[in-house]
Amino acid sequence: MLSTNNHSHCIHRKRNKALALPELIAIALGGMIAALAAYSYVKLAVYYKDEGATYSFYKRTFPDSHFAAALIGWWIIFGYISTLALYSYTFASYAISDFSCADNEWVRKAVAGSVILIFTLVNIWSVKGMGKIEDIMVYTKVVILAVISFVLINHSQTSLPRLLQNSPEFSIFSIMIVASITFVAYEGFQLVIHAINEMDCPEKNIPRAIYSSIFLTILIYAVISLGAILALPFSDIIENKEYALASGAGNILGHWGTDLVIVGALLATSSAISGTLFGASRLMAVIAIDGYLPCLFARQIHNIPVYAILCMSTFAFLLVLAGSLELILEFGSVTFLLVSLLMAYANFKIRDVTKSSLFLTVLAFSGLTCGIVSIVYYELTHQPQQLVFMGGLYSILTLCSWGYSKAKIRQERHCQDNLSGYK
């Protein structure tokens, strides 16, 4: 009887690991979608050479449409707010994973709010030296992830050929859903464009920086996932969710392994929170100066957009309070898929001047559309209440952008009438 149970457990373990194999394919597919999205960004960046990136590209491609500029502005800002919420939520999950309150949702939300508050105060107080600190955090976390990946692969309980041999049939559409839901993990490539004015030869360095960053991201995710799949039971990965890697490292290396992963995760999310808050708040101030957001957010104190930072932090915390990690992840992915889709459309519109391939532009548009449809289908069939929440939020953002675009038009007409009166 004991022998039969052990044999059944072994079969169940193999099946669980085989089921995890499509995750590697989903990572690669997500990277391909990100690369297709990046194609339009690269072409528009090289053509416009504008550090305003997404917002500026769309505004300049459709100069006669105030609604287009307002819409892309509101969507991209709330996209960054969702990533801010995602990073803080993940930070909290790892920060409390070693304590008895690890499963307490409200403790997790409180910690997420606390870390948002800390980096809000840091960004308001001073940003001098944060660049070097973030570089150190990035390099440290990469080294930690490399060490953990090596340890997991070295302690593997199976092999890649065995995974391939035992891999069951799986749906391409289900893999597309996973790739689309995790698209937000690749969204950082567009931040490279904000430094275009500080680059030598942006025509060469922008494509190199963006495509290499996507490739390295795919490589890092794939190696870490492979290590987890080979060394950890799939049931443990499901049970421990976002801190499964820490739990798995603890099983192999003991408490030091868990602590090492936690430190790496805290460094990764900290640098992401600080960088997002720094860059997106300044973009928010630019949009406010253009009149598509409340003018209060354009005000700066000692060259720091304090009110924009406070607004982003507040809404990020509200999103943490309102939703789960899954909801925040999916909202962020849908938002950046939508924004990237608009970028693909903008590039398609001026493809002759950006010297873009019609095939790649249409392929990017199609891939991003499929990603959005995949998430909508998943939400509709599994969690329709989340789809209603996201739909309501997008409706509010669209109405706000429409209202500010109308106000901008009225303001311009008023100025024209005043000028006509002087004449």
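Every number here is computed from the coordinates shown, using simple stated rules; none is lab data. Owing to the predicted nature of the structure, the values given are computational and were not obtained by experimental measurement. Glycine gets a Cβ as well: all are built from the backbone with ideal geometry, and neighbour counts include every protein chain shown.
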Which order do peptides 114-125, 374-385 fall in by mean Cβ count within 10 Å, highest first? 114-125, 374-385
Looking at this model, which pairs from Lys349/Lys408; Lys109/Lys406; Lys59/Lys109 are more than 26 angstrom apart at the alpha-carbon? Lys109/Lys406; Lys59/Lys109
What would the Debye equation give as log₁₀ I(q)/I(0) for the range 25-418 at q = 0.07, 0.13, 0.15 Å⁻¹, counting only Cα atoms as equal point scatterers? -0.33, -1.19, -1.58
Charge dipole of the range 25-418 about the Cα centre (unit charges at C-beta), most positive-ward option of Ile262, Ser395, Ala69: Ala69
Could you tell me whether the range 170-226 comes out rounded, prolate or oblate from its Cα gyration tensor? Rule is a ≥ b ≥ c as square roots of the eigenvalues, rounded for a/c under 1.5, then prolate if a/b exceeds b/c, otherwise oblate. prolate
Along the Cα→Cβ direction, 7 angstrom out, place labels at Val388 and Arg299. What is the inter-label distance in nm? 3.9 nm
For the pair Ala407 and Ala146, the simple spin-label estimate (label points 7 Å beyond Cα toward Cβ) gives in nm 5.0 nm
Point-to-point label distance, Leu380-Leu318, nm (Cα→Cβ direction, 7 Å offset): 2.9 nm
